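The values are calculated or read from the model by the stated rules, or taken from the named source; none is laboratory data. The shown structure was predicted, so the numbers you read here are calculated from the model rather than taken from an experiment. Cβ sites come from the backbone with ideal geometry, for glycine too, and all protein chains shown count toward neighbours.
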Amino acid sequence: MRLTRYYLPLLKETPSEAQIASHQLMLRAGMIRQEGAGIYAWLPFGFAVLKKIEQIVREEQNRAGAIEMLMPTIQQAELWRESGRYDAYGKEMLRITDRGDREMLFGPTNEEMITEIFRSGVRSYKDLPKNLYHIQWKFRDEIRPRFGVMRGREFLMKDAYSFDADKASARKSYNRMFVAYLRTYARMGLTAIPMRADTGPIGGDLSHEFIILADTGESAVFCDKRLLDLEVPPADLDFDGDLQPLVDRYTNFYAATDEKHEEGEFTSKVADGDRVSARGIEVGHIFNFGTKYSAPMKAVVAGPDGKEFPVEMGSYGVGVSRLVGAIIEAHHDDAGCKWPIPVAPFHVGLVNLKQGDAGTDAACAKAYEALTNAGVDVLYDDTQARPGEKFARMDLIGLPYQFIIGPRSLEAGKVEIKRRADGHRDEMGFDAAIDMVTRDVKSALQVS
Ligand code: 5CA
């Protein structure tokens, strides 16, 4: 993509309404635009990141055996009366009436709807287990939307719902999502720690929040430092096997959010030097709530003896749009974003230091073609801006590699490569540079 043809409205000044780095950088780097309190338009650069995150979430859900579908954003109040949550949900629910005065709502979550869908299609325990998910916009009329996409009113969530015949099988479904989540966040360059958590309006007693440690996080959290060093489960893991030992390896360490924190247990279980009390960003939340919805909504199946019983359920959320902010919180510096390769909107920023010069123009065209042919996504700064402005812009938008071509280096038969993550710079021959960047990008995109 040529920058002169792209839509990347950058801001020079830090907007005063943005208090945390990710919100400031998303506005400055032309990723989002506020259209109302907690409501954002996703501009092309931000949308590209959102789609990459969504795709990683999808691949890991599929790997764990969940099946994708799509439910509508608008729901009927009637369904929520069946579960008893219509009144209980309170002012966070955006309630709507249609022209026939029917009560509707913009879905804040989908337990009721998926339970209705399940009960209309499944009759026998033989059809279980099942896990269905979608990636869809939600609306919650938060009292205090803030920090940009971190706490929005309209936000994108992946929500999965599992259905099992008994508690032991439901635990297996829970474990599959637990492990899928560890892989999902790791692929985005994040270390997410599963923590014992409160269940709020979703309900149930078994629940974990997945938390990224960050000073700007909204939750106070407590955990064992050793959790940060655990190995990520591999891609070829057998999701039909027994995942309990793997899950136990994580949950044996102390980790809890504020609401579930037990100071006595924390100090007795965790050595002095390993105690972390910090702030964190909740990027996912998984729940097992038994028959909380299936019993009142009569989502039943027939057992081997023909007798009907309500199914065991769980739900599993990932904050897809929140993750864009969370990744920036984890990967940025004073100059701007530093995108990990798997979620980067483009892999390489190609900088022509003397646009209009026949030599640099031709070398840039050649680099653009070679990288693109090798499957590397390039944003080519082909504007007339001065080098200083081009460098600042590239640092702000944070593409993993900068490929810098100017008359001086060309004369020496070289190009300059800057790695945004650590600022490392290298001068090398044209072909060697293309090879190195291509190799690095390919290996970072390899899923293992
Ligand atoms: N139905 C369940 C799980 S599918 C559920 O709704 N869980 S939740 O309320 O915990 O939300 C799931 C995830 O969505 C959270 O972990 C968080 O990452 C994200 N999320 C929740 N509220 C917001 C919000 N206002 N803005 C952005 N992301 C949010």
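Restricting attention to region 338-367, and to residues there that are of a type in the set (A, V, I, L, M, F, W, C) and under 19 Å from Glu54 (Cα atoms), which single residue is farthest from the ligand (Cβ to nearest atom)?
First, the residues of region 338-367 that are of a type in the set (A, V, I, L, M, F, W, C): 339, 341, 343-344, 346, 348, 350-351, 353, 358, 362-365, 367.
Imposing the further condition that a residue be under 19 Å from Glu54 (Cα atoms) reduces the set to 339, 341, 343-344, 346.
On the way: Trp339: 20, Ile341: 23, Val343: 16, Ala344: 21, Phe346: 25 Å.
Step by step, filter region 338-367, then rank; the result is Phe346.
Provide a single number: the residues in region 3-34 that are touching a Phe, Trp or Tyr at 6+ places or on another chain (Cβ under 9 Å) and small (Gly, Ala, Ser).
So the count comes out to 4.
Looking at region 142-172 only, could you name the residues that are away from the ligand (no atom under 13 Å from the Cβ) and either hydrophobic (A, V, I, L, M, F, W, C) or under 30 Å from Ile74 (Cβ atoms) (or both)? Walk me through how you get there before you give the answer.
Going residue by residue through region 142-172, those that are away from the ligand (no atom under 13 Å from the Cβ) are 163-172.
The answer is Phe163, Asp164, Ala165, Ala168, Ala170.
Cβ-Cβ under 6 Å, sequence separation 6+ or interchain: first residue in region 108-122 and among the aromatic types (Phe, Trp, Tyr), partner surrounded by fewer than 23 Cβ atoms within 10 Å (Cβ to Cβ) and not in a helix (DSSP H, G or I). Which pairs?
Phe118/Ala299
Could you go through region 268-285 and let me know if any residue there is within 15 Å of the ligand (Cβ to nearest atom) and not in a strand (DSSP E or B).
Checked region 268-285: no residue is within 15 Å of the ligand (Cβ to nearest atom) and not in a strand (DSSP E or B).
Would you check which residues across region 95-114 are surrounded by fewer than 11 Cβ atoms within 10 Å (Cβ to Cβ) and charged (D, E, K, R) and list them?
Residues satisfying the conditions are Asp98, Arg99, Asp101.
List pairs: first in region 328-342 and assigned by TED's automatic domain parsing to the domain that holds Ile53, second among the polar types (S, T, N, Q) and surrounded by 18 or more Cβ atoms within 10 Å (Cβ to Cβ), Cβ under 6 Å, 6+ apart or cross-chain?
Listed by first residue and then by second, the contacts come to Ile328/Ser22; Glu329/Ser22.
What about Gly290, is it more than 24 Å from Val221 (Cβ to Cβ), within 16 Å of the ligand (Cβ to nearest atom), of a type outside the set (Ser, Thr, Tyr) and modelled with pLDDT of 95 or more? Talk me through it step by step, then tell me what you get.
Details: more than 24 Å from Val221 (Cβ to Cβ): yes; within 16 Å of the ligand (Cβ to nearest atom): yes; of a type outside the set (Ser, Thr, Tyr): yes; modelled with pLDDT of 95 or more: yes.
Considered against the rule, which asks whether it is more than 24 Å from Val221 (Cβ to Cβ), within 16 Å of the ligand (Cβ to nearest atom), of a type outside the set (Ser, Thr, Tyr) and modelled with pLDDT of 95 or more, Gly290 comes out as yes.
Ser409: more than 20 Å from Leu8 (Cα to Cα) and modelled with pLDDT under 95, yes or no? It would help to see each step written out before you state the result.
Values: more than 20 Å from Leu8 (Cα to Cα): yes; modelled with pLDDT under 95: yes.
So Ser409 passes the test.
Condition test on Thr115, is it among the hydroxyl-bearing types (Ser, Thr, Tyr) and assigned to a loop (DSSP other than H, G, I, E, B)?
Details: among the hydroxyl-bearing types (Ser, Thr, Tyr): yes; assigned to a loop (DSSP other than H, G, I, E, B): no.
In short, no.
On the given criteria, is Arg58 modelled with pLDDT of 95 or more and under 18 Å from Ile114 (Cβ atoms)? Step through it out loud before you land on a result.
Working: modelled with pLDDT of 95 or more: yes; under 18 Å from Ile114 (Cβ atoms): yes.
Yes.
Please determine whether any residue of region 270-281 is crowded, with 22+ Cβ neighbours inside 10 Å, in contact (Cβ under 8 Å) with a residue 60 or more places away in the chain and in contact with a strand residue (DSSP E or B) (Cβ under 9 Å, 6 or more places away or on another chain).
yes
State which residue is surrounded by the most Cβ atoms within 10 Å (Cβ to Cβ) when the search covers only region 173-205 and only residues that are within 13 Å of the ligand (Cβ to nearest atom) and modelled with pLDDT under 95.
Ala197
Which of the residues spanning region 197-225 are part of a helix (DSSP H, G or I) and closer than 25 Å to Lys172 by Cα? Walk me through how you get there before you give the answer.
First, the residues of region 197-225 that are part of a helix (DSSP H, G or I): 200-202, 225.
Once the filter is applied, which keeps residues that are part of a helix (DSSP H, G or I) and closer than 25 Å to Lys172 by Cα, region 197-225 yields Gly200, Pro201, Ile202.
Lys130 is checked against (1) modelled with pLDDT of 95 or more; (2) buried (at least 19 other Cβ atoms within 10 Å of the Cβ) and fails just one. What number does that condition carry?
Going through (1) modelled with pLDDT of 95 or more; (2) buried (at least 19 other Cβ atoms within 10 Å of the Cβ) one by one, Lys130 breaks only (2).
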